[in-house]
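Engineer: Sending over a structure as structure tokens; questions will come in a sec.
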Amino acid sequence: MTLAEPAFKIKIANLPLWVIHVHSNNMAQIKRQLASRLSQTPDFFSHTPVVLGLSAVGNSPTKFDFAALTTLMWEHGMRLIGVLGGSAEQQAAATQAGLSLFPDTPLRNATAFPDPSPAQPLPPLVIDKPVRAGQKIYAENTDLVVLAIVNAGAELIADGDIHVYAPLRGRAMAGAQGNQGARIFVQSLEAELLSIAGCFQMFEEGIPQNVRNHPVQVYLDEARLVIQSY
């Protein structure tokens, strides 16, 4: 008699998620500004899972209407799946609205589980073929290097830096896990969107002439996205 193959396996997954960090306890203001921002990028967050970061307002007595926020995000294609941090009352309201709770502290305890040796950096993910429209490439825990054209409608995502040694006509999102020190390097900027650690810039009205078709580097200066030509 042989054991049947298990119908499923449960594993911990390290997946890129968008986190919206809330810095105001004014629910009307949050919903108004969120609706305005999402209307500017109608397709960017389509079916994207999102977590609401509440650490900055954890001491606020304001009761968040998570059901209303969930409905608003669904109307714009964004899927609110949980909250990060917040007070016990806020977390209770979130779970009542059907949301998950994400810890805002590392799950692993460095004292209880010491690393035997420093983690070795992963080699970059190198793509040497054109990236087609609709194609999405994710470099997990490393940099992404693309040696060919990135067509409009394609997406590049990396937890580290992104290097494109060809025209970039699609979207590039570096520091996907929140690394604010990540950078994007492009040989010829023709992009639809640039993002670092969730701070993004769309180009619905075209790329500024001083950087369009130029080699550039993109980085964060506090919360401001800087696009600098060489």
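The values are calculated or read from the model by the stated rules, or taken from the named source; none is laboratory data. What you are looking at is a predicted structure, and each value in this text was computed from that prediction instead of being measured. We place every Cβ from the backbone using ideal geometry, glycine too, and count neighbours over all the protein chains shown.
Engineer: What do you reckon, is Ser195 hydroxyl-bearing (Ser, Thr, Tyr), surrounded by 21 or more Cβ atoms within 10 Å (Cβ to Cβ) and over 16 Å from Asn151 (Cα atoms)?
Structural biologist: Taking the combined requirement at face value, the residue satisfies it.
Engineer: Among the residues of segment 107-125, count how many are modelled with pLDDT of 85 or more and either assigned to a strand (DSSP E or B) or among the hydroxyl-bearing types (Ser, Thr, Tyr) (or both). Step through it out loud before you land on a result.
Structural biologist: Keep residues of segment 107-125 that are modelled with pLDDT of 85 or more, which gives 123-125.
So of that shortlist, the ones also either assigned to a strand (DSSP E or B) or among the hydroxyl-bearing types (Ser, Thr, Tyr) (or both) come out as 125.
Total satisfying the criteria: 1.
Engineer: On to the next question. Which of the residues spanning segment 131-146 are assigned to a strand (DSSP E or B) and surrounded by 14 or more Cβ atoms within 10 Å (Cβ to Cβ)? Even if it seems obvious, please write down each step before you answer.
Structural biologist: Residues of segment 131-146 assigned to a strand (DSSP E or B): 131, 136-139, 144-146.
Hits for segment 131-146 are Val131, Ile137, Tyr138, Ala139, Leu144, Val145, Val146.
Engineer: Here are some residues: Ala158, Ala92, Ala154. Which one is out of contact with any strand residue (DSSP E or B) (no Cβ under 9 Å at 6 or more places or on another chain) and modelled with pLDDT of 85 or more?
Structural biologist: It is Ala92.
Engineer: Determine if segment 72-89 includes at least one residue that is modelled with pLDDT of 90 or more, of a type outside the set (Lys, Arg) and part of a loop (DSSP other than H, G, I, E, B).
Structural biologist: No, every residue in segment 72-89 fails to be modelled with pLDDT of 90 or more, of a type outside the set (Lys, Arg) and part of a loop (DSSP other than H, G, I, E, B).
Engineer: Return the residue satisfying two criteria in turn: it lies in segment 166-186 and is in a loop (DSSP other than H, G, I, E, B) and buried (at least 23 other Cβ atoms within 10 Å of the Cβ), and of such residues it is modelled with the lowest pLDDT.
Structural biologist: Restricting to residues being in a loop (DSSP other than H, G, I, E, B) and buried (at least 23 other Cβ atoms within 10 Å of the Cβ), the top hit is Ala176.
Engineer: Given the residues Asp128, Asp104, which is the only one that is farther than 29 Å from Gly53 by Cβ and either loosely packed, with under 14 Cβ neighbours inside 10 Å or modelled with pLDDT under 95 (or both)?
Structural biologist: Just one listed residue meets the conditions, Asp128.
Engineer: To continue, here is another question. Limited to segment 152-210, what total is found for residues that are of a type in the set (D, E, K, R) and either within 13 Å of the chain's Cα centre (by Cα) or in the same structural domain as Arg37 (by TED's automatic domain parsing) (or both)?
Structural biologist: Residues meeting the conditions: 3.
Engineer: Among the residues in segment 147-160, are any buried (at least 17 other Cβ atoms within 10 Å of the Cβ) and acidic (Asp, Glu)?
Structural biologist: Yes - at least one qualifying residue is present in segment 147-160.
Engineer: Residues in segment 163-173: is at least one more than 15 Å from Val146 (Cα to Cα) and either touching a strand residue (DSSP E or B) at 6+ places or on another chain (Cβ under 9 Å) or in contact (Cβ under 8 Å) with a residue 12 or more places away in the chain (or both)?
Structural biologist: At the first step, the residues of segment 163-173 found to be more than 15 Å from Val146 (Cα to Cα) are none.
The answer is no; no qualifying residue exists.
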